[in-house]
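See structure below.
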Amino acid sequence: MNPTVDIPEDAPPAQELTPLEAQDLDAADITPATEEMEGQADGPPPAEADAPRLRHAPQDTGEELAAAAVERPVLIELSAETAESPRAGLFSRRLRLWGLCTVVLTSALVGAAWFGPLRPAMRGESAPARPPAAEPSEPVVVSPESAPAPGPMATPEWIDRMRELDRRRSRLLAKAEEVRTLQGHYRYGVLELEEDAVRLIKHHRIETFAQALGHPQVEFALQSIRSRQAYVAGLTQPLRWLAAGSEQLLYLQRLVAIDREVLAVAEGVDLDAHAARVEVALSTYRPTAENLAMGAGDSPPTLDALFKRLADQACQIALPATESVDAAIAEEVCAGEMTRYSEVSVLRLKAARCLAESAATELFLNRVVELPGVVAQKLSEWPGGWLCLNGLKRISPEAARHLFAWPGRWISLNGLMELPAAASVHLPAWGGRQIELMGLKKVDSVEHLVRWEEAGGKLFLPEAIRRQVDEGRRALRPATAPEKERQG
């Protein structure tokens, strides 16, 4: 690589000289790169203003130094007087030689710096450790006042406090879940009793409250409904107490955690106050029988008002011809006898609850023609694998919402002729494996079926609906090259 020579515009052209011979090299004096050049062999040194001025590149290391050696030329500026001198050509050649030597020396240094650390690795040895940074000549003295204090909240006492807060809050949350489950159980029991009372009122044609009190079964049903409603209302108070306690303990956990983070850099953190708050909270929110005692709650309706509401419902239903058979099968199922469960035509709430609690792995309820939302909710609690409801002609959005929340893997709904969008919208979130809809004639929203099948589900559909679903799936996928050409 040749160095670049900057010559002023008004300088005359340099005189041509003969090529540099060996004797010229002997007479030339090449000074090191770190010293100024002096023409000792050719006379006195030129004036400081006339001497060559070297502009060195920044001192880099590694890759930067190698790049600098290749890309950055050595720039030498000559004054006008030097350019006019007959020795200018010889001098420029000396500078070229000096620049070449500088490049070779720089390359050698770069190679040593770059490949030196790699040699031990090439030989299978570990590279030497990098020397530690130079320490200050004078040691830094830290005064006791400015030194960071040890963590006072990292003591075993504080660790035990925080663990007890976490344990207590977890216990309150678990207890609240138990209370909610108990509430749900009693609410469903109320619905079962109301269903039985409505059918009794309808079957015995009871029209007045006095007649209801004169019928032992109806009166018992009314009394039981009101008692369970009062129990559900009474559970509201302990549930609110548990919710307030868990929130208060969570607040304390976060408050202490924040102050623990800033304790080393902030002032004014009152650890004693925190400790007092924690102790008060742990003492206050203890899930004892006294704290979890049921309250009065909202007063349930009177027996007269309750009968009037149930009598209105009785006027709006029609008892099926299989009423007595369905009632008998429900009793058998609840007793653990599953021989005739598939013969039920109207799935009552009591039967649905007992089926959900059974150990059956498959349920074939193909004679059921209606599926109320509350019944579907109870069936969704069944832990089985295959649910057949091929007798359903239609399905409500509420029933579909609960049905597609069931944790099973296979649903048969071959009797459905229409699937409204309000019902199919719940399908994409279902985690099951396959659905049978072979009787389907109309689908409002095919995209819901497409999305569920694209997610890995398997649909059994009639040919016409299958074409719609396949077209929807193709529309979701990117076009291949031949298809793009045809579309273009």
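The values are calculated or read from the model by the stated rules, or taken from the named source; none is laboratory data. Quick caveat: nothing in here was measured; it's all calculated off a predicted structure. Methodologically, a virtual Cβ is constructed for each residue, glycine included, from the backbone with ideal geometry; neighbour enumeration extends over all protein chains shown. All accessible areas refer to the heavy atoms of the entire protein, side chains included, with ligands and DNA or RNA removed. Shrake-Rupley method; radii C 1.70, N 1.55, O 1.52, S 1.80 Å.
Scan the stretch 159-170 for residues that are touching a residue at least 24 places away in the same chain (Cβ under 8 Å) and of a type outside the set (A, V, I, L, M) and jot them down.
Applying the first criterion (touching a residue at least 24 places away in the same chain (Cβ under 8 Å)) to the stretch 159-170 yields 161-162, 164-166, 168-169.
If the condition is that a residue be touching a residue at least 24 places away in the same chain (Cβ under 8 Å) and of a type outside the set (A, V, I, L, M), then 161, 164, 166, 168, 169 are the ones that fit.
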Set 481, 455: member being modelled with pLDDT under 90, among the hydrophobic types (A, V, I, L, M, F, W, C) and open to solvent by 50 Å² or more (accessible area, probe 1.4 Å): 481
Select, from 422, 400, the only residue that is of a type outside the set (D, E, K, R), under 29 Å from the mean Cα position of the chain (by Cα) and surrounded by 18 or more Cβ atoms within 10 Å (Cβ to Cβ). 400
Could we say that residue 180 is over 30 Å from residue 321 (Cα atoms), open to solvent by 50 Å² or more (accessible area, probe 1.4 Å) and in contact with a helix residue (DSSP H, G or I) (Cβ under 8 Å, 6 or more places away or on another chain) here? yes
Residues of the stretch 265-294 being within 35 Å of the chain's Cα centre (by Cα) and of a type in the set (D, E, K, R), in sequence order, are 277, 286
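Taking the stated definitions as given, is residue 226 of a type in the set (Lys, Arg), farther than 26 Å from residue 288 by Cα and part of a helix (DSSP H, G or I)? Please lay out each step first, then the result.
On the way: of a type in the set (Lys, Arg): yes; farther than 26 Å from residue 288 by Cα: yes; part of a helix (DSSP H, G or I): yes.
Considered against the rule, which asks whether it is of a type in the set (Lys, Arg), farther than 26 Å from residue 288 by Cα and part of a helix (DSSP H, G or I), residue 226 comes out as yes.
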Which number in (1) open to solvent by 80 Å² or more (accessible area, probe 1.4 Å); (2) more than 23 Å from residue 232 (Cβ to Cβ); (3) touching a Pro at 6+ places or on another chain (Cβ under 9 Å) marks the one condition that residue 326 misses? (1)
Go through the stretch 295-305 and report how many residues are open to solvent by less than 40 Å² (accessible area, probe 1.4 Å) and either at positive phi or within 48 Å of the chain's Cα centre (by Cα) (or both). 2
It is to be established whether one or more residues within the stretch 363-370 are assigned to a helix (DSSP H, G or I) and open to solvent by 30 Å² or more (accessible area, probe 1.4 Å). no
Just name the residue that is modelled with the lowest pLDDT out of those in the stretch 188-210 that are part of a helix (DSSP H, G or I) and surrounded by fewer than 16 Cβ atoms within 10 Å (Cβ to Cβ). 203
So, in the stretch 329-362, exactly how many residues are buried (at least 18 other Cβ atoms within 10 Å of the Cβ), free of Cβ contacts under 8 Å to residues at least 60 places away in the same chain and assigned to a loop (DSSP other than H, G, I, E, B)? 3
Residue 434 fails exactly one of the following numbered conditions: (1) surrounded by fewer than 18 Cβ atoms within 10 Å (Cβ to Cβ); (2) out of contact with any strand residue (DSSP E or B) (no Cβ under 6 Å at 6 or more places or on another chain). What is the number of that condition? (2)
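Please determine whether any residue of the stretch 406-413 is in contact with a Ser or Thr (Cβ under 7 Å, 6 or more places away or on another chain), open to solvent by less than 50 Å² (accessible area, probe 1.4 Å) and either on the phi < 0 side of the Ramachandran plot or charged (D, E, K, R) (or both).
First pass over the stretch 406-413, keeping only residues in contact with a Ser or Thr (Cβ under 7 Å, 6 or more places away or on another chain): 406.
Checking the rest, the ones that are also open to solvent by less than 50 Å² (accessible area, probe 1.4 Å) come to 406.
Then keep just the ones that are either on the phi < 0 side of the Ramachandran plot or charged (D, E, K, R) (or both); that gives 406.
Yes, that holds for at least one residue.
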Any residue at all in the stretch 180-199 that is of a type in the set (Ser, Thr, Tyr) and more than 57 Å from the chain's Cα centre (by Cα)? no
Among the residues of the stretch 246-260, are any of a type in the set (Val, Ile, Thr), under 46 Å from the mean Cα position of the chain (by Cα), more than 30 Å from residue 172 (Cβ to Cβ) and open to solvent by less than 50 Å² (accessible area, probe 1.4 Å)? no
Given the conditions (1) in a helix (DSSP H, G or I); (2) more than 22 Å from residue 157 (Cβ to Cβ), and given that residue 295 satisfies all but one, which numbered condition is not satisfied? (1)
